[in-house]
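Chemist: Below are the structure tokens for one structure; questions will follow.
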Amino acid sequence: MKHEPLAIAMISDFFHPNVGGVENHIFMLSANLIRRGHKVIVITHSHPPDRVGVRWLLPGLKVYYIPFPTIASSATLPNYFTFLPYFRVIIAREHIHLIHAHASLSSLGQEAILHAPHLGVRTVFTDHSLFGFEDAASILTNKLLAAALKNVDAVICVSHTGRENTVLRGQLFEKSEDSSVLVVRPNVYVIPNALVAEQFTPATEPVSSETSRYFHVVVKGTTNFSSVYIVVLSRLAYRKGIDLLVATAPRICSAFPNVNFIVGGDGPKLNDLLQVRERHLLQDRIELLGPVRHRDVRDVLVRGSIFLNTSLTESFGIAILEAACAGLYVVSTRVGGVPEILPHDLISFAKPEEDDLIRALSEAVAIVSNGQHDPMEAHQRVKNFYNWGEVAERTEIVYDAVVKSEQKDLWTRMQRTMELGPFAGPIYTIILVVDCLFFLFLEWLMPRHDLDFVQMHWEHDNFRQVQ
């Protein structure tokens with residue numbers, strides 16, 4: 001189905017040159033939307049020392065790096081007003097029809113949803129993570145998210161579990177026609193992540209004795225074993241379940257003399273892994289690679305036959321998808337949206353407990369050792385399951401529904417904002433009203449007709465001819 005070309009602004013704190021799931025999602029979705037005839041730009045914050053201003057990325061993706069400092073984990077400080085002058089100028093001069101914000105911890109994304117209706121621009125939000133409801137940080141961030149999503153035109157989640165979590169955190173429900181029950185708003189969609197399968201092909205043959213998927217070793221001078229390598233690629237942090245890895249790795253090495261670990265990543269739990277490796281004298285069994293660049297992920301994955309994910313919370317788990325595509329058998333904790341990703345014959349699940357994880361790993365070692373897992377077959381199946389072209393097509397359907405829907409006026413937005421509660425409601429309503437007044441002041445101070453509008457746009461057809 002052919003959709004009308006749109007001018008879209010992707011907005012998030014998390015984008016290139018940082019590397020991660022959200023960053024990759026924004027880039028790949030933008031690139032595929034450009035290929036489908038849309039105009040796409042990205043608005044994010046600057047990166048020291050000199051990544052500020054306008055940059056271009058292939059295939060014709062224009063990126064605005066706003067000069068805002070970060071406070072932690074590449075996130076900017078929520079302030080609601082200082083972003084408006086930049087946002088108004090960029091959106092107006094680029095003739096943007098729709099903004100697409102990403103990540104619930106992105107202040108720029110939430111503020112863009114607040115500002116966009118002043119310019120008549122429609123809003124879409126994609127949530128990529130799961131969050132709790134009990135600790136102070138979750139309570140604060142959930143209230144910020146609920147305030148932002150009260151007036152958003154559509155919400156996209158990357159898994160059905162993520163959808164349930166976002167609906168509860170963002171209060172995305174409304175009264176039914178008879179006002180007896182609350183129902184989920186109809187503008188909440190589920191569109192999964194994807195990957196470029198050609199970048200994660202299984203190894204066709206062992207490349208060397210050091211990096212081969214299997215090779216023979218002598219144990220106790222008598223018996224030959226086919227070595228099995230378990231790969232872990234993750235940020236070494238508590239929420240990624242590294243404590244489970246620390247507890248289970250020595251027990252697996254003791255139970256299976258032919259099993260070794262390859263661990264890639266960096267984080268606060270790296271010292272714990274170093275200590276357990278020293279304590280159990282496993283320097284030759286647990287290899288710590290440190291940070292791994294995304295372009296090197298496939299080369300690390302094909303060194304192993306089993307991929308281990310120990311996350312305590314996971315909305316989708318793109319690393320699991322990449323590992324399965326590279327031909328590895330997957331072992332993962334049964335958390336969040338992970339059970340939705342792969343068929344059950346490509347993955348073994350465990351409770352986030354030490355004993356059950358050892359059971360699942362033992363099961364995986366037996367499957368791989370007995371030749372019951374075919375890497376090439378797994379690659380072909382994953383390749384057919386997920387592709388960015390389909391994700392872009394489904395996202396276009398959401399955009400089309402948003403553009404055709406009725407836009408909320410200021411009074412409706414104020415009423416919906418007051419529903420946040422007796423304390424938060426008035427505060428966010430005041431922020432909304434002040435934001436409107438500030439926008440009117442900017443319209444008077446810098447009239448829109450005085451802006452330097454973009455007259456020429458990137459033509460992907462011309463780029464294709466040059467190629």
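Chemist: Taking one equal scatterer on every alpha-carbon of the range 344-467, how large is log10 of I(q)/I(0) by Debye at q = 0.10, 0.12, 0.18 1/Å?
Modeler: Calculated log10 I(q)/I(0) at the listed q: -0.83, -0.90, -1.13.
Chemist: What angle do you read, to the nearest 10 degrees and between 0 and 90, between the alpha-carbon axis of helix 354-369 and the longest principal axis of the chain?
Modeler: Around 70 degrees separate the two axes.
Chemist: Once you treat every alpha carbon in the range 9-80 as an equal point and sum by Debye, what is log10 I(q)/I(0) at q = 0.14, 0.21, 0.26 Å⁻¹?
Modeler: For the range 9-80, the Cα-only Debye profile gives -0.41, -0.88, -1.25.
Chemist: Evaluate E = 1/(1 + (r/R0)^6) for ALA137 and ASP409, where r is the Cβ-Cβ distance and R0 equals 30 Å; express this FRET efficiency to the nearest 0.05. Provide the component values of the computation, followed by the final result.
Modeler: Details: r = 34 Å, r/R0 = 1.14.
Efficiency at R0 = 30 Å is approximately 0.30.
Chemist: Mind listing the long-range amide H neighbours of GLY241? Cut-off is under 5 Å, sequence gap 5 or more, other chains count too, H placed in the peptide plane at 1.01 Å from N.
Modeler: Under 5 Å from the amide H of GLY241: LEU312.
Chemist: Continuing with the same structure: Given a Förster distance of 35 Å, report the FRET efficiency between GLU340 and ARG279 from their Cβ-Cβ distance, rounded to the nearest 0.05. All intermediate terms of the calculation are to be shown ahead of the outcome.
Modeler: Details: r = 37 Å, r/R0 = 1.07.
It comes out at approximately 0.40.
Chemist: Related question: Between LEU168 and ARG251, what FRET efficiency comes out of the Förster formula 1/(1 + (r/R0)^6) with R0 = 60 Å and r the beta carbon distance, rounded to 0.05?
Modeler: Values: r = 37 Å, r/R0 = 0.61.
After rounding to 0.05, the efficiency reads 0.95.
Chemist: From the backbone phi of the range 412-418, what are the Karplus-calculated ³J(HN,Hα) couplings (6.51 cos²θ - 1.76 cosθ + 1.60, θ = phi - 60°) in whole Hz, Gly and Pro given as x?
Modeler: Working through the residues one at a time gives 5, 5, 5, 4, 5, 5, 5 Hz.
Chemist: Now a separate question. Summarise the accessible area of the range 244-394 (1.4 Å probe, protein heavy atoms) by the percent that is carbon and sulfur.
Modeler: 48
Chemist: Also: Using just the Cα positions, wrap the chain in a convex hull and report its mean projected area in square nanometres, one decimal place.
Modeler: Numbers: hull surface 102.4 nm².
With every direction weighted equally, the projected area is 25.6 nm².
Chemist: Still on this structure, please answer the following. Which percent of the accessible area of the range 107-165 is formed by carbon and sulfur heavy atoms (probe 1.4 angstrom)?
Modeler: Details: 1010 of 1750 Å².
Ligands and nucleic acids excluded, carbon and sulfur give 57 percent.
Chemist: Any idea what angle helix 270-279 forms with the longest principal axis of the chain, computed on alpha-carbon atoms, 0 to 90 degrees, nearest 10?
Modeler: Roughly 10 degrees between the two axes.
Chemist: Sticking with this one: Could you calculate the contour length gain from LEU451 to GLU363, that is, 0.36 nm times the residue separation minus the distance between their Cα atoms, to one decimal place in nm?
Modeler: Working: separation 88, 0.36 × 88 = 31.68 nm, distance 6.40 nm.
Length gained between LEU451 and GLU363: 25.3 nm.
Chemist: Per-residue ellipticity at 222 nm for the chain, helices alone: DSSP H runs ≥ 4 residues times -39500 (n - 2.57), over residue total, nearest 500 deg cm²/dmol? Could the numbers behind the result be given before it?
Modeler: Details: 15 runs with 178 residues, N = 467.
Calculated from helices alone, the mean residue ellipticity at 222 nm is -12000 deg cm²/dmol.
Chemist: Counting only heavy atoms of protein chains, what accessible area per residue, in Å², does the range 198-385 have with a probe of 1.4 Å?
Modeler: On the way: 8630 Å² over 188 residues.
Ligands and nucleic acids excluded, the result is 46 Å² per residue.
Chemist: Something else now. Counting only Cα atoms, I'd like the Rg/Rh figure for the range 352-425, Kirkwood definition for Rh.
Modeler: On the way: Rg = 24.7 Å, Rh = 18.2 Å.
Taking Rh as the inverse mean 1/r over Cα pairs, Rg/Rh reads 1.35.
Chemist: Quick one: putting +1 on the C-beta of Lys and Arg, -1 on the C-beta of Asp and Glu, what dipole do you get for the chain around its Cα centre, in Debye to the nearest 20?
Modeler: Values: 42 positive and 49 negative charges, 69 e Å.
Once rounded to the nearest 20, the dipole reads 340 debye.
Chemist: Hey, what did the chain get for relative contact order, percent, Cα under 8 Å, at least 6 apart? All intermediate terms of the calculation are to be shown ahead of the outcome.
Modeler: Details: 804 pairs, mean separation 69.4, N = 467.
Result for the chain is 15 percent.
Chemist: Net charge around GLU354, counting only other residues with Cβ within less than 13 Å of its Cβ (Lys, Arg = +1; Asp, Glu = -1)? Before the final figure, lay out the partial values.
Modeler: Details: positive: ARG251, LYS351, ARG359; negative: ASP243, GLU353, ASP355, ASP356.
Combined, the nearby Lys, Arg, Asp and Glu give -1.
Chemist: One quarter of the convex hull surface, Cα atoms only: what value does that give for the range 28-158 in nm²? Could you put the intermediate results ahead of the total?
Modeler: Numbers: hull surface 33.9 nm².
About 8.5 nm², averaged over all directions.
Chemist: Also, I was wondering about something else. Would you grab the residues whose amide H sits under 5 Å from the one on ILE11? Only those 5+ places off in sequence or on another chain, please, with H modelled 1.01 Å from N.
Modeler: ILE43, HIS100, ALA101, HIS102
Chemist: Still on this structure: What number results when the radius of gyration of the range 198-385, computed over Cα atoms, is divided by 2.2 N^0.38 Å? Write down the numbers at each step before the final one.
Modeler: Details: Rg = 15.3 Å, N = 188, 2.2 N^0.38 = 16.1 Å.
My calculation over the Cα atoms of the range 198-385 gives 0.95.
Chemist: Counting Lys and Arg as +1 and Asp and Glu as -1, what is the net charge of the other residues whose Cβ lies under 11 Å from the Cβ of VAL40? Kindly include the intermediate steps, with their values, before the conclusion.
Modeler: Details: positive: ARG35, ARG36, LYS39, LYS62; negative: GLU94.
After counting each charged neighbour, the total is +3.
Chemist: Given the options LEU195, MET446, LEU108, identify the residue whose Cα lies farthest towards the positive end of the charge dipole of the chain (+1 on Cβ of Lys, Arg; -1 on Cβ of Asp, Glu).
Modeler: MET446
Chemist: Once both labels are modelled 7 Å past Cα along the beta-carbon direction, what's the TRP444-THR70 spacing in nm?
Modeler: 3.9
Chemist: Then there's this: Viscosity 1.306 mPa s, temperature 10 °C: give me the Stokes-Einstein translational D for the range 120-185 in µm²/s, with Rh taken as the Kirkwood radius over C-alpha pairs. The partial results should precede the final answer.
Modeler: Working: Rh = 12.7 Å.
Result for D is 125 µm²/s.
Chemist: Considering the options PRO343, VAL300, THR204, tell which one lies farthest towards the positive end of the dipole of the range 198-385, charges being +1 on Lys and Arg and -1 on Asp and Glu at the Cβ, about the Cα centre.
Modeler: VAL300
Chemist: Here's something else I'd like to know. Each residue of the range 236-246 in turn: what ³J(HN,Hα) in whole Hz from Karplus with 6.51, -1.76, 1.60 and θ = phi - 60°, glycine and Pro shown as x?
Modeler: Karplus-based 3J(HN,Hα) across the range 236-246 equals 7, 9, 4, 5, 8, x, 5, 4, 5, 5, 4 Hz.
Chemist: From Cα pairs below 8 angstrom and at least 6 apart in sequence, can you work out the relative contact order of the range 137-186, rounded to a whole percent?
Modeler: Numbers: 37 pairs, mean separation 15.5, N = 50.
Relative contact order comes out at 31 percent.
Chemist: Let me ask something else about it. Using Cα-Cα distances under 8 Å and only pairs 6 or more residues apart, what relative contact order does the range 198-385 have, in percent? Write out the running numbers ahead of the final one.
Modeler: Values: 332 pairs, mean separation 43.3, N = 188.
With pairs under 8 Å counted, the relative contact order is 23 percent.
Chemist: Quantify how much of the Cα-Cα distance distribution of the range 249-335 extends past 23 Å, in percent.
Modeler: Numbers: 898 of 3741 pairs.
In whole percent, the long-distance tail amounts to 24.
Chemist: From the residues ASN384, GLN275, PRO250, which one has its Cα farthest along the dipole of the range 198-385 in the positive direction, the dipole being from +1 and -1 charges on Cβ of Lys/Arg and Asp/Glu about the Cα centre?
Modeler: GLN275
The values are calculated or read from the model by the stated rules, or taken from the named source; none is laboratory data. Treat the numbers as computed from the prediction; the structure is a model and nothing was measured. As a convention, Cβ positions derive from the backbone with ideal geometry for all residues, glycine included, and neighbour counts pool all protein chains shown. To get the accessible areas, we keep the full protein, side chains included, count just its heavy atoms, and leave off ligands, DNA and RNA. Shrake-Rupley method; radii C 1.70, N 1.55, O 1.52, S 1.80 Å.
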